[in-house]
Amino acid sequence: MKKILLIIVLGGLFFSLSAQEISCRAKAMRMMTYSKPEYMVKDIKVLGDTMTVYSLADYVIYPIGKWENVEQYITSTQLQWYREVGYKNYFDSMQVSVNTLKRLDDSYIDMYRSIATGRVEMVAGKITDPEVKLDNGVHVGMTKEEVFRTVFKRFPKSYVSDISVLKVISGAGEVGQIYTFRGNKLRHIGIISKYKYY
């Protein structure tokens, strides 16, 4: 009798977990239908409180915009940045100059000028200063709905109510932004990349 009860409980647990996985995938597929065409969303994954959006848009690769040099970006923001310059190894064969722009609240952006593209490329970043805005208009302090509306035309609020991390990743998975929410407000923007620095 105890074995039968144990089997029933384990079976119910297994089916509830697989049903939850199906609902996460169904939620992701439905959210794809709401995505804005300019973001060229190719896939969405929902896992727990994290939604990952895979996009082919330039907003993902160039979150601060397309600039030919760091000075153009600094001038365009009209913000006071503290700048540090250093060198890092790139693909073991050459050294490139990496610029770190910092704000007083410890927000920073690491970037370099690529000889391959002729543009400023992102290495890493952490933004907590609401004055710093990304090219798509996102900044710390926005509501969760406002952030999601940059990527989606519309969406059921119940689909995003339990999401506390939104990752927008390039199609190749090389660069992306991580939007972290506390409650209904955007508290942190992370910029990540998989460029080969050592």
**Report entry** Check on ILE191, under 22 Å from ARG103 (Cβ atoms) and in contact (Cβ under 8 Å) with a residue 40 or more places away in the chain
**Finding:** yes
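For region 130-141, name all the residues that are more than 15 Å from the chain's Cα centre (by Cα) and open to solvent by 20 Å² or more (accessible area, probe 1.4 Å).
Listed by number, the residues that qualify are PRO130, GLU131, GLY141.
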Query raised in the report: When you scan region 164-178, how many residues do you find that are hydrophobic (A, V, I, L, M, F, W, C) and within 8 Å of VAL53 (Cα to Cα)?
Result: 3
Query raised in the report: If you check VAL175 against the conditions, is it in contact with a helix residue (DSSP H, G or I) (Cβ under 7 Å, 6 or more places away or on another chain) and buried (at least 19 other Cβ atoms within 10 Å of the Cβ)?
Result: yes
**Report entry** Residue in region 124-145 that is under 22 Å from GLY183 (Cβ atoms) and part of a helix (DSSP H, G or I) present
**Finding:** yes
**Report entry** Meets criteria (under 18 Å from ASP135 (Cβ atoms), β-branched (Val, Ile, Thr) and in contact (Cβ under 8 Å) with a residue 40 or more places away in the chain) for ILE178
**Finding:** no
Query raised in the report: Can you find a residue in region 97-119 that is within 23 Å of ALA28 (Cβ to Cβ) and modelled with pLDDT of 90 or more?
Result: no
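The values are calculated or read from the model by the stated rules, or taken from the named source; none is laboratory data. Small disclaimer: the values here were computed from a predicted structure and weren't measured. No Cβ is skipped: glycine too gets one built from the backbone with ideal geometry, and neighbour counts run over all protein chains shown. Just the protein is used for accessible areas: all its heavy atoms, side chains included, with ligands, DNA and RNA removed. Shrake-Rupley method; radii C 1.70, N 1.55, O 1.52, S 1.80 Å.
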